């Protein structure tokens, strides 16, 4: 039966080539635009560390003076001061913890064909690697001992390894950073979390950190801090603030393996804030937050407004295309009332006619969907050529591919539903008589 | 005058199809109105005045390998050397530039020392000779004198030690900021407070000076401070030159700086025009996308109208033939289809206006956009009317060419 309907559909579509092309084109354009923007939205709002992100938390406290504090309304600070970061790190109340900040280091390659260059870097304590589950191609991260010893050790990304050392196992090699010699202890494998959740101050996407060194070492050498510095009171210290200044510029992450541990940790933050207020360091009553990765990304509204706007726009466009197709299909089906009347008179049931017409609209949808997929691939290629920082990430994945097909088929069947239903309401006798 | 009654009675027999066309026109109208408005917003943003001599500036930012102990002395040596380069008119070390990527320095501003919440967040420009090098126009008061400047490093150390007696005490603000802080009043001589109630007296007002980023906090809320910077603080050398000399001056300046200290890496080297172009690249791309969407929408809608009208013409050939046989002219038939389309378009536009307003309300809540100005409604309506008429012209002419003899033939 389906084969016969399919054949009828093809005949009918062939009879009106321009109209068929118009319907297919409208669906393809709508699907193409929606899938392009939906894929970008999907990539940008994805989970940067699937499976891990639920147990990673970002503690926030509020060490500012009492001036300007509105209870329940003022958000705690988005980063940590050096003193608080160190206190919380040394308290070791979480399953894992790391204190870190962004920076850039001058790299002087031994390879004399390369000029010295600046590389975005991360200054962090050792907990970073096990906590975020960083995979290593060669070697490993450093440990607490290296942090304590302010050791000159570095972990590098595989991309950086290719650029400076020409790839291969570079552990044990010497790397000159800011004029000092560092020993490479690890080369990171394929690891590039997007969004760059652990530090959103520079770029939210596609951040390319090539070098990781111990936080303690970076401070000894006065390595350049790069990111946001937020001071209060009479604070102000340029880009690399003094450790005692009233400025926040560090990120502190903890791993808490169960909700009860998270609750206990929040309690600890409240107690810590109360204690610091008693000591006179904090001017405000405890004002804390403990968000996990996805909550933190949500709070920071990390997906650009433009991307959400474009997605809305594309779906508006798809809606217009669908209405357009419904109108055209309706006109077409109604025009065939005579033919349908004959089929009814010869014994076809209403549901049989309905199925036949749905097959016809399904064919239009399927072809439109394929066209849409092609347009989406072109669309994503165009997105990748855009100036936005997330542009290189815009690629279609299998999930989105499946969604494209379901969307195309669903949309066109939906578009066929009303016309098919209206068309099968024909009264056979009337149709036969009028001719 | 066209008789509307027969049109209505025909449409009543094709209710669903007619409503679908009205709906399509309404949606298109609503989306196009808002999209055009969004494009306008982007263009307006890209057109904001920076207040600086845009075509005459180049920027060089340097990083140094290893610690430099004599940052201030080195900056002064660099400046002296840069001034000797042919074509260089002025040079200054400035912490940031309007509408350009890179960091930004901002400060909360209060109007009295007791005030709990900051009135607003203004951007803070530092650098000796910043105003004259950038070419910012002074409207009232005066620029800073040489003796008023203090070194950035010294200020930080003083603040840290709580030693406040050597801090600068004067500030220059933009006209936009002055009008926001003291509406209708003379800004010169007023005092603002920052940090723990540190006072700064306004000694000058400049015309325009944009902020580096965060434009939604007030694109022109800028302040200039008598603070001397060094390149070690992350500031840049900003050189003023003639527009045609920019490329050569940039090249020789970089060469000179590398020669003075080879242990330096150039982080940024660009003309101000390039910096601004890059800053607004996303807006330009978004405007382009919106133009594309509008074109696609109007095309799809126009083709939809063509398709439906063709159908109706085909379906009504006999009726048209009868009308022609009864004395209707070709013009009558043509006008009939045009009037029908006009009627449908008008319904669509009416619904579209309501929808456009609704979408705008949604955007105002979620994307901090202003209200859609009234002018967009008549313009949107006109566009759709014109498109509708153009789209229906072909099928209507085909209808007008139906010969009267059709009436006599059986279908």
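Read the figures in this text as sums done on the coordinates, not as results from a lab. This structure is a prediction, so every number in the text was calculated from the model and none was measured. Neighbour counts are summed over all protein chains in view; Cβ atoms, including those assigned to glycine, are modelled from backbone coordinates with ideal geometry.
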Margin query: Can you tell me, using C-alpha contacts under 8 Å and at least 6 residues apart, the relative contact order of chain B as a whole percent?
Written below: 29
Next item on the list: Report the semi-axes of the equivalent ellipsoid for the range B:135-186 in whole Å, largest first, where each axis is √(5λ) for an eigenvalue λ of the Cα gyration tensor.
Entry: 27, 15, 9
Margin query: Students often check this: by mean Cβ neighbours within 10 Å, which of B:93-102, B:399-408, A:37-46 ranks highest, and how do the rest follow?
Written below: B:93-102, A:37-46, B:399-408
Margin query: Just to be sure I understand: with springs between alpha-carbon atoms less than 10 Å apart, which residue in B:73, B:104, B:309 has the highest mean-square fluctuation in the Gaussian network model of chain B?
Written below: B:73
Note to self: Compute the angle between helix A:305-335 and the longest alpha-carbon principal axis of chain A, please, reported from 0 to 90 degrees and rounded to the nearest 10.
What the structure shows: 10
Margin query: Using a Gaussian network model on chain B with a 10 Å cutoff between Cα atoms, which of B:46, B:229, B:397 fluctuates the most?
Written below: B:397
Margin query: Report for chain A the percent antiparallel among DSSP-assigned beta bridges with both residues inside it, nearest 5.
Written below: 80
Check: How much of the calculated P(r) for the range A:240-305 lies past 15 Å, in percent of all Cα pairs?
Finding: 67
Next item on the list: Sort all Cα-Cα distances of chain A into consecutive 10 angstrom bins from zero, then give the percent of pairs in each bin up to the one containing the longest distance.
Entry: 4, 17, 21, 17, 13, 10, 9, 6, 2, 0
Checklist line | Cα centroid of the range A:200-240 to Cα centroid of the range A:18-65, whole Å | finding: 29
Check: What is the Å³ per residue value for the convex hull set by the Cα atoms of the range A:53-299?
Finding: 121
Note to self: Given a Förster distance of 51 Å, report the FRET efficiency between residue A:384 and residue B:8 from their Cβ-Cβ distance, rounded to the nearest 0.05.
What the structure shows: 0.50
Notebook entry, point to check: Rounded to the nearest 500 deg cm²/dmol, what is the calculated helix-only ellipticity per residue at 222 nm for the protein assembly as shown, with -39500 (n - 2.57) per DSSP H run of length n ≥ 4?
Noted result: -16500 deg cm²/dmol
Notebook entry, point to check: Using Cα-only point scatterers and the Debye equation, what is log10 of I(q)/I(0) for the protein assembly as shown at each q in 0.05 Å⁻¹, rounded to two decimals?
Noted result: -0.40
Margin query: Could you tell me the relative contact order of the range B:54-271? Use alpha-carbon pairs under 8 Å, at least six residues apart, and round to a whole percent.
Written below: 40
Notebook entry, point to check: Among A:189-199, B:325-335, A:100-110, what's the highest-first ranking by average C-beta atoms within 10 angstrom per residue?
Noted result: A:100-110, A:189-199, B:325-335
Check: If you count, for every residue in A:329-338, the Cβ atoms of partner chains within 10 Å of its Cβ, what is the mean?
Finding: 3
Checklist line | Sorted largest first, extent of the range B:54-271 alpha carbons per principal axis (Å) | finding: 51, 40, 31
Check: Average partner chain C-beta neighbours within 10 Å, per residue of B:303-310?
Finding: 6
Check: Regarding the range B:276-317, what whole-number volume in Å³ per residue does the convex hull of its Cα atoms give?
Finding: 30
Item checked: Average beta carbon contacts from partner chains per residue of B:284-297, 10 Å cutoff -> 4
Next item on the list: Considering the convex hull of the alpha carbon atoms of chain B, report its projected area averaged over all viewing directions, in nm², one decimal.
Entry: 29.0
Check: Based on the Kirkwood radius over alpha-carbon pairs, what value in µm²/s does the Stokes-Einstein equation return for the translational diffusion coefficient of the range B:365-411 at 20 °C and 1.002 mPa s?
Finding: 146
Next item on the list: Choose one answer from A:265, A:118, A:205: the residue with the largest mean-square fluctuation in a GNM of chain A with alpha-carbon springs under 10 Å.
Entry: A:118
Notebook entry, point to check: Got the relative contact order for chain A handy, in percent, Cα pairs under 8 Å and 6 or more residues apart?
Noted result: 28
Item checked: Alpha carbon convex hull of the range B:44-171, projected area averaged over orientations, nm² -> 11.3
